[in-house]
Amino acid sequence: MKLLKKIDIDTEKWNACIASSDNPLIYGLIAYLDIVAKDWQGLVWEDNDEYVAVFPLPIRVRYGLKYVYPPFFIQQLGLFTRGNNRDELEKEAFDFLNGKINFIELYVKGRGILGTKRRNCTLLLNNSYDSLRLNYSSNHKRNLKKAQKANLTVECRVNISEIVNLFRLDKGAHLDTLQNQDYKNLQNIAIEIESECYGVYSDGKLICGGLFLKFKGRITFLFSGNSEEGKNKGALFFLLDHLISINANKQIIFDFEGSENDGLRRFYLGFGGELEIYRFIRVTKLKFPFSLFKK
C-alpha cells in the first residue's frame, strides 16, 4: 500500500479500479474528486501493474495541521476494492493513517467493522413501472394525483444554474454551510460528469428541478431545487416518479442519496425504497488548543 499525491496517481488505473470494484460509486472517479476536493490524495494497493484497491482521501491543511474531511456533494467514499478483503484493507488503511494524520472525518461506503452506521435510501428498478408504483405510499400516490391535476410537465432541458437559483431562494436562503465555491463546484459537476438535469414546469415556468448522476448502473439524485409553488403542487414527487418511470425494467439502482433526516428518509422510502448502510468514521488525536477548531 502506498499513499500517493494525485499528481502521482495513474488516472486510467485508478478509474478502472473504481469501475470494477465491488461497489462502484461515481464520487471516487478522479474527475469528480478534482472538482470537489482539489487537494485530495489516495491510498493505492497495486498488483501486476494494476490498482486492485484504492482509498481516496480529501485533505486540507489548517493551522499547519493536515486533516481528512468529507467534501460537499460526496455522500460516501472509503475503500474501493476488487477483492473480498474489505475489512482487512480498511483496517490497514486506518492503521497507516493513524500515524500520519491527526484528524479524520469520512463517510465510508458499505458495512464494516469501523464507524457509526448511516442510512441511505435506494430503489432497484428491475421491474415494470406499474409494479414499482404499487409500492408507493398512499401519501405519495395522493401527491402524484395532485401533480397530475396541476398539468405539470417534466423536461430534460433545464440548466443547473436555474436549479441552483431555485435552491438558493428556498432552502439555501437559510443555509450558511454552502459557499459560492460549492455552488460553482456543483455547476462543474453538471458540466464535466455524466449527468442530466430535469425540470418540472407549470405553464412554462420552472418550479422544481434536479441533478442526476449516472455511473455503472446507478442513478444518483445529487441535488434539487424547489419553489413554493412546486411544493404546493407536488412537483418533487412528480419529478422522482418521472425518473423512476423512464428507467423502469432496467438493472439500475436509483440512489436517493439520503437520509439521516427523518422526514427526508420517509419521503424517499415512500417510493418503495430500501435502506442501504454506510458509515461515519471519526478519528482524532488533536490536543488543546488545536482540538477547538474541530469539536
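Brief remarks follow.
- Mean silhouette area of segment 113-232, derived from the convex hull of its C-alpha atoms and averaged over all directions, reads 10.3 nm².
- Dipole check for segment 124-243: with +1 at the C-beta of Lys and Arg, -1 at the C-beta of Asp and Glu, and the Cα centre as origin, the magnitude is about 480 Debye.
- Exceeding the 32 Å Cα-Cα cut-off - candidates LYS38/LYS146; LYS117/LYS205; LYS6/LYS231; LYS145/LYS214: LYS38/LYS146; LYS117/LYS205; LYS6/LYS231
- Dipole moment magnitude, nearest 20 debye, segment 66-157 about Cα centre, only Lys, Arg, Asp, Glu C-beta charged: 660 debye
- Rounded tilt (10° steps) of 160-169 against the dominant C-alpha axis of the chain: 80 degrees
- Accessible area (Å², per residue) of the chain, counting only protein heavy atoms and a probe of 1.4 Å: 49 Å²
- Unit charges on C-beta of K, R, D, E only; dipole of the chain, Debye: 1060 debye
- Listed values (i) 1.04; (ii) 0.96; (iii) 0.99, entry calculated as Rg/Rh (Cα atoms, Kirkwood Rh): (iii)
- Note on the chain: GNM, Cα springs under 10 Å; of ASP176, ASP39, ASP255, the largest mean-square fluctuation is that of ASP176.
- Each of PHE96, PRO24, ALA150 was scored by the projection of its Cα onto the charge dipole of the chain, and the greatest displacement toward the positive side belongs to ALA150; charges sit on the C-beta of Lys, Arg, Asp and Glu.
- Within the accessible area of the chain (1.4 Å probe), percent carbon and sulfur: 47 percent
- For segment 1-74, taking the reciprocal of the average inverse distance between every pair of different Cα atoms yields a Kirkwood hydrodynamic radius of 12.7 Å.
- Helix 235-247 axis, angle to the chain major axis (alpha carbon atoms, nearest 10°): 80 degrees
The values are calculated or read from the model by the stated rules, or taken from the named source; none is laboratory data. Computed from a predicted model, the values in this text were never measured in an experiment. Don't worry about glycine lacking a Cβ; one is built from the backbone with ideal geometry, like all the others, and counts go over all protein chains shown. Quick note on the areas: whole protein, heavy atoms, side chains included, nothing else; ligands and nucleic acids left out. Shrake-Rupley method; radii C 1.70, N 1.55, O 1.52, S 1.80 Å.
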